[in-house]
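**Q** The structure's right below; bear with me while I get my questions together.
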Amino acid sequence: MNFDKPNPFDPRPDLKIWFNGKIVPVSEAKISIFDHCILYGDGVFEGLRVYEGKVFRLTQHLRRLEHSARAVRLELPMTRDEMAAAVNEAVAANNVRDGYVRLVVTRGVGYLGLSHTRTANPTVFIIADQIELYPKELYEKGMAVISTSVVRNHPNAVAPRIKSCNYLNNILAKIEGLDAGVYEAIMYNHLGYVAECTGDNIFLVRDGLIQTPPITAGILEGVTRDVVIELARELKIPLREMDLTRHDLYVADECFLTGSAAEVIPVTKIDGRPIGDGMPGPTTRKLMSSFRELVRRGG
Ligand code: PMP
């Protein structure tokens, strides 16, 4: 991995963006410096996945977007059906068969000052493109992560259930991870229990039981997390949502992360310690293959 390599803003020039109701070339998708999303991180977003040309769990993502918007008193300028149509338009405009969609709703343009009432209409834009989040070999060998000193936002501050455009909490943890030479970092909550990673939910397996932090630990209600919970039920593997500590991380037999971009990815090292035998475990592998099968079937 080469952390020194710059990653300049370099979208493919033929990329088309759904921008406030129109498909435009990426060079024309421009946002004001006075948009409160730029000034304050005031906006909400979603990250979705496309498989075989179809957006995976679109309704669940749009429902979460509505909840995020409602929680920050941002009135979405489009209905759920209109939003779904817009996402599909962005996917079609870029001929995305297998890829990723970023849907962003900003607070809109306003002058300096925090007041959400003194802003104009939200800007909605949708990017649909290819994706590769983590290198392929990590899905075979497993990934190393750290548990970070950056505490996840208190649920009564910026609730982690809100997928807001202010991701600095996660970015600080990510920086600590990158500085330690790993791609992802586990965050504890204000009570010292495991919450989630910077862009993924976390699961452990111990003595045949799948364990994952409850929503009340202060985490994003991951769409992929819900899928894995459903799969575990179908496969009759016991699963419990429970508070987990650093100790639970270190004594787990298996660990894996879930996210729309990451899908299901095994973790084989935490804070330099091998997890289980240091290889992706059987439960993780079973869930990875069930997940692949599910998305191949069309969700
Ligand atoms: N937690 C955080 C903080 C995230 O940003 C994400 C990615 N959106 C997730 C968990 C995973 O959620 P999902 O499965 O819905 O992508």
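The values are calculated or read from the model by the stated rules, or taken from the named source; none is laboratory data. Source: prediction; values computed, not measured. Using ideal geometry, Cβ is built from the backbone for each residue, glycine included, and neighbour counts are taken over all protein chains shown. Quick note on the areas: whole protein, heavy atoms, side chains included, nothing else; ligands and nucleic acids left out. Shrake-Rupley method; radii C 1.70, N 1.55, O 1.52, S 1.80 Å.
**Q** Skip the ligands, DNA and RNA, and give the accessible area per residue of the chain with a 1.4 Å probe, whole Å².
**A** I get 50 Å² per residue for the chain.
**Q** Distance between the C-alpha centers of the stretch 129-163 and the stretch 19-47? Whole Å please.
**A** Using only Cα atoms to place each centre, the spacing works out to 24 Å.
**Q** Take every Cα pair under 8 Å in the chain that's 6+ residues apart, average their separations, divide by the length, and report that relative contact order as a whole percent.
**A** Result for the chain is 17 percent.
**Q** Could you tell me the ratio Rg/Rh of the stretch 166-299? Both radii from Cα atoms, Rh via Kirkwood.
**A** 0.94
**Q** Here's a follow-up. Sort the following peptides by mean Cβ neighbour count (other Cβ atoms within 10 Å, averaged over residues), highest first: 135-144, 156-165.
**A** 156-165, 135-144
**Q** Taking the Cα atoms of the stretch 221-299, report the difference between the largest and smallest coordinate on each principal axis, in whole Å and largest first.
**A** Its Cα atoms span 37, 24, 23 Å along the three principal axes.
**Q** Which whole-number percent is the relative contact order of the stretch 16-129 (Cα, under 8 Å, 6+ apart)?
**A** Computed value for the stretch 16-129: 38 percent relative contact order.
**Q** With a sphere of radius 13 Å drawn around the Cβ of residue 290, what net charge do the other residues whose Cβ falls strictly inside it have (Lys, Arg +1; Asp, Glu -1)?
**A** Numbers: positive: 233, 236, 285, 286, 292, 296, 297; negative: 230, 234, 263, 293.
Once all neighbours under 13 Å are counted, the net charge is +3.
**Q** Next question. Amide H to amide H under 5 Å from residue 253: which residues, 5+ apart in sequence or cross-chain, H placed 1.01 Å off N in plane?
**A** Amide H neighbours of residue 253, under 5 Å, 5+ apart: 205, 206, 207.
**Q** Dipole magnitude of the stretch 16-129 about its Cα centre, charges +1 at Lys/Arg Cβ and -1 at Asp/Glu Cβ only, in debye to the nearest 20?
**A** That gives a dipole near 200 debye.
**Q** Please name whichever of 76, 167, 212 sits farthest to the positive end of the charge dipole of the chain, dipole taken about the Cα centre and charges placed at Cβ: Lys and Arg +1, Asp and Glu -1.
**A** 76
**Q** Continuing with this model, one more query. Relative contact order for the stretch 137-296 using alpha-carbon pairs under 8 Å, separation at least 6, rounded to a whole percent?
**A** Here the relative contact order equals 25 percent.
**Q** Now for a different question. Residue by residue through the stretch 102-117, what is 3J(HN,Hα) from phi via Karplus (6.51 cos²θ - 1.76 cosθ + 1.60, θ = phi - 60°)? Round to whole Hz and write x for glycine and proline.
**A** Values, residue by residue: 10, 10, 10, 10, 8, 5, x, 7, x, 8, 4, x, 7, 3, 6, 7 Hz.
**Q** Residue by residue through the stretch 149-159, what is 3J(HN,Hα) from phi via Karplus (6.51 cos²θ - 1.76 cosθ + 1.60, θ = phi - 60°)? Round to whole Hz and write x for glycine and proline.
**A** These are the phi-based 3J(HN,Hα) values: 7, 7, 7, 4, 3, 4, x, 9, 9, 9, 4 Hz.
**Q** In addition: Say the cut-off is 32 Å between C-alpha atoms; which of 16/174; 16/136; 22/286; 174/236; 30/141 go over it? Intermediate values should be presented prior to the final figure.
**A** Details: 16/174 29 Å; 16/136 27 Å; 22/286 42 Å; 174/236 34 Å; 30/141 41 Å.
In this structure, 22/286; 174/236; 30/141 lie more than 32 Å apart at Cα.
**Q** Here is a further query. State, in angstrom, two size descriptors of the chain derived from its alpha carbons: Rg to one decimal place and Dmax to the nearest whole number.
**A** 19.3, 56
**Q** Now a separate question. At 0.36 nm per residue, minus the direct Cα-Cα distance, what do residue 112 and residue 15 gain on full extension? Give it in nm, one decimal, please.
**A** Extra length available between residue 112 and residue 15 comes to 31.7 nm.
**Q** In debye to the nearest 20, how big a dipole does the chain give about its Cα centre with +1 on each Lys and Arg Cβ and -1 on each Asp and Glu Cβ?
**A** 460 debye
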